[in-house]
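Following: one structure in structure tokens, then a few remarks.
The values are calculated or read from the model by the stated rules, or taken from the named source; none is laboratory data. Since the structure is predicted, the reported quantities are computational estimates derived from the model, not experimental observations. A quick note on method: Cβ atoms are made from the backbone with ideal geometry, for glycine too, and the neighbour counts reach across all protein chains shown. Ligands, DNA and RNA are stripped out before the accessible areas are found, and what is left, the full protein with its side chains, is counted by its heavy atoms. Shrake-Rupley method; radii C 1.70, N 1.55, O 1.52, S 1.80 Å.
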Amino acid sequence: MIRKHCAISADGEKLLENVVSRLRLFRALHDRILKVSRTIADLDGAESVAPKQLSVAIQYRTLDRSYWA
């Protein structure tokens, strides 16, 4: 369901995979980043998730991780 509603471009997928491998994120965090990026895209009124929105979601999740870890 997440992949269906949070579809991202090839550039966005490449960005997310680089971040996941570099930060050693778990699959659950990968899915949370997708959910947050979909919310940001909805707030922007976008049909699909752009790499820009994905980058913002990654920043939010890494901030969350640094404060609560």
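Looking at segment 37-59, can you tell me whether even one residue there is among the acidic types (Asp, Glu), open to solvent by 40 Å² or more (accessible area, probe 1.4 Å) and either modelled with pLDDT under 85 or under 13 Å from the mean Cα position of the chain (by Cα) (or both)? Checked segment 37-59: no residue is among the acidic types (Asp, Glu), open to solvent by 40 Å² or more (accessible area, probe 1.4 Å) and either modelled with pLDDT under 85 or under 13 Å from the mean Cα position of the chain (by Cα) (or both).
Just one of the listed residues (HIS30, HIS5) is touching a helix residue (DSSP H, G or I) at 6+ places or on another chain (Cβ under 7 Å) and surrounded by fewer than 15 Cβ atoms within 10 Å (Cβ to Cβ), and it is HIS5.
Scanning segment 28-60 for residues that are of a type in the set (S, T, N, Q) and part of a helix (DSSP H, G or I) yields SER37, THR39, GLN53, SER55, GLN59.
Among residues of segment 5-16 that are modelled with pLDDT under 85, those with a beta-carbon under 6 Å from a residue that is part of a helix (DSSP H, G or I) at least six positions away or on a different chain give the pairs CYS6/LEU34; CYS6/ARG38. Looking only at segment 8-27, filter to residues that are of a type in the set (Lys, Arg) and not in a loop (DSSP other than H, G, I, E, B); which one of those is most open to solvent (accessible area, probe 1.4 Å)? Among residues in segment 8-27 that are of a type in the set (Lys, Arg) and not in a loop (DSSP other than H, G, I, E, B), the one most open to solvent (accessible area, probe 1.4 Å) is ARG22.
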